[in-house]
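**Student:** Below are the structure tokens for one structure; questions will follow.
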Amino acid sequence: MPEWAKIFSLLQQFIEDNELPSISQIAEDNADPYRVLFSTIISLRTRDEVTLSASHRLFERAPDLQTLMETDEAEIAELIYPAAFYRNKAAGMKKCAAILLNEYSGNIPGDRDKLLKLPGVGRKTANLTLNLGFGINAICVDTHVHRISNRAGWVNTKTPDDTELALEKILPEKYWIPLNEILVSYGQKVCTPQSPHCSECVITGHCKRIDVGKSR
Ligand code: SF4
């Protein structure tokens with residue numbers, strides 16, 4: 001079993017010396033579930049710095065759901081450009097806003113099954129909204145969490161959804177919320193997709209380096 005307390009203590013120190021991922025920064029400024037949900041939708045397949053600036057532009061123009069629904073789809077697309085699939089995301093956001101206003105009285109539901117029914121919302125988005133918007137324990141597995149957990153040998157899985165289920169069985173619940181923020185930041189800077197910086201890694205003693213190949 002991985003030594004979670006040691007691993008998280010080492011990674012926490014790293015995080016404190018580095019910039020937080022974009023959604024964590026947005027939640028730190030304002031943990032409104034509306035902002036967490038829609039900035040996470042923007043973040044899909046999008047670089048962190050683009051997510052941050054696009055989210056700031058969107059929330060300045062549309063600080064709440066009602067304003068978002070009243071904003072023209074083309075304007076939303078322009079505000080979140082150059083996020084990946086910005087036109088599709090803008091269309092999805094409008095639909096999402098309408099559903100939330102009509103079916104949930106303008107509240108973001110703190111319930112995964114309800115979040116998953118919204119257009120453009122998958123497990124990653126739903127779990128991060130629960131984490132950062134509501135403080136509800138859930139394991140948000142994105143590409144970084146999936147990759148690092150498998151490289152380290154903590155899990156042996158093929159998909160992020162399987163990683164979420166595998167981690168739920170072995171990771172104490174107190175680490176479920178911090179896991180994403182820590183591993184996203186670590187995956188962007190140290191345990192990168194190509195040629196990870198193993199020589200600088202603070203958790204080498206807790207990593208089996210499975211399928212790593214070339215490293216720095
Ligand atoms: S030792 Fe290398 S592969 Fe393992 S977590 Fe650190 S950077 Fe990633």
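Computed from the coordinates by the stated procedures, all read-outs in this text should not be read as laboratory data. Not measured: the values here are computed from a predicted model. We place every Cβ from the backbone using ideal geometry, glycine too, and count neighbours over all the protein chains shown.
**Student:** Please give the calculated 222 nm ellipticity per residue for the chain, where each DSSP H segment of at least 4 residues contributes -39500 (n - 2.57) and the sum is spread over every residue; nearest 500 deg cm²/dmol? The partial results should precede the final answer.
**Tutor:** Working: 12 runs with 124 residues, N = 216.
Calculated at 222 nm, the ellipticity per residue is -17000 deg cm²/dmol.
**Student:** Arranged from highest to lowest average of other beta-carbon atoms within 10 Å per residue, in what order do the peptides 17-24, 189-196 appear? Before the final figure, lay out each step's value.
**Tutor:** Values: 17-24: 18.6, 189-196: 15.2.
The peptides rank, most packed first, as 17-24, 189-196.
**Student:** Compute the signed sum of charges (Lys and Arg +1, Asp and Glu -1) over the other residues within less than 14 Å, Cβ to Cβ, of A138. Present the calculation step by step, with values, prior to reporting the outcome.
**Tutor:** Numbers: positive: R112, K114, R123, K124, K174; negative: D111, D113, D142, D161, E164, E168, E173, E181.
The answer is -3.
**Student:** While we're on this one: What is the Rg over Rh value, at two decimals, for the chain, using alpha-carbon atoms and the Kirkwood definition of Rh?
**Tutor:** Numbers: Rg = 17.7 Å, Rh = 17.9 Å.
Computed over Cα atoms, the ratio is 0.99.
**Student:** Please list, ordered by chain and number, the residues whose modelled amide H lies under 5 Å from the amide H of G153; skip anything fewer than 5 residues away on the same chain.
**Tutor:** K208, I210
**Student:** Continuing with the same structure: Distance from the Cα centre of segment 1-77 to that of segment 176-191, in angstrom?
**Tutor:** 14 Å
**Student:** Would you mind checking the pairs K94/K117; K6/K174; K124/K208 and listing those with alpha carbons more than 18 angstrom apart?
**Tutor:** Values: K94/K117 15 Å; K6/K174 14 Å; K124/K208 26 Å.
Going by Cα-Cα distance, K124/K208 fall outside the 18 Å limit.
**Student:** Right, another one. Tally Lys/Arg at +1 and Asp/Glu at -1 over every other residue whose Cβ is under 13 Å from the Cβ of D111; what's the total?
**Tutor:** Details: positive: R112, K114, K117; negative: E103, D113.
Local charge sum for D111: +1.
**Student:** Give me the net charge for the shell around R45: Cβ to Cβ below 13 angstrom, other residues only, Lys and Arg +1, Asp and Glu -1.
**Tutor:** Numbers: positive: R47, K89, K124; negative: D48, D142.
Summing Lys and Arg as +1 and Asp and Glu as -1 gives +1.
**Student:** For the pair R87/S199, report the inter-label distance in nm, with labels modelled 7 Å from Cα in the Cβ direction.
**Tutor:** It works out to 4.6 nm between the two label points.
**Student:** In segment 129-149, whose amide N lies under 18 Å from the spot 7 Å out along Cα-to-Cβ of D111? List them in ranges.
**Tutor:** 129-131, 133-138
**Student:** Using a cut-off of under 16 Å, list every residue of segment 168-185 whose amide N is near the label point 7 Å from the Cα of N156 along the Cα-to-beta-carbon line.
**Tutor:** Those under the cut-off are 170.
**Student:** Springs between alpha-carbon atoms under 10 Å, Gaussian network over the chain: tell me which of G205, G110, G133 tops the mean-square fluctuations.
**Tutor:** Maximum fluctuation in the GNM of the chain, among the listed residues, is at G205.
**Student:** While we're looking at this one, here's another question. Using modelled backbone amide H atoms (1.01 Å from N, in-plane), which distant-in-sequence or interchain residues come within less than 5 Å of C140's amide H?
**Tutor:** Hits under the 5 Å cutoff: N180.
**Student:** A follow-up question, please. With +1 on the Cβ of every Lys and Arg and -1 on the Cβ of every Asp and Glu, and nothing else charged, how large is the dipole of segment 103-144 about its Cα centre, in debye rounded to the nearest 20? Walk me through the numbers on the way to the answer.
**Tutor:** Values: 5 positive and 4 negative charges, 16 e Å.
About 80 debye.
**Student:** So, one more: With viscosity set to 1.567 mPa s and temperature to 4 °C, compute the Stokes-Einstein D of segment 31-134, Rh being the Kirkwood radius across alpha carbon pairs; µm²/s, no decimals.
**Tutor:** On the way: Rh = 13.2 Å.
Rounded to a whole number, D works out at 98 µm²/s.
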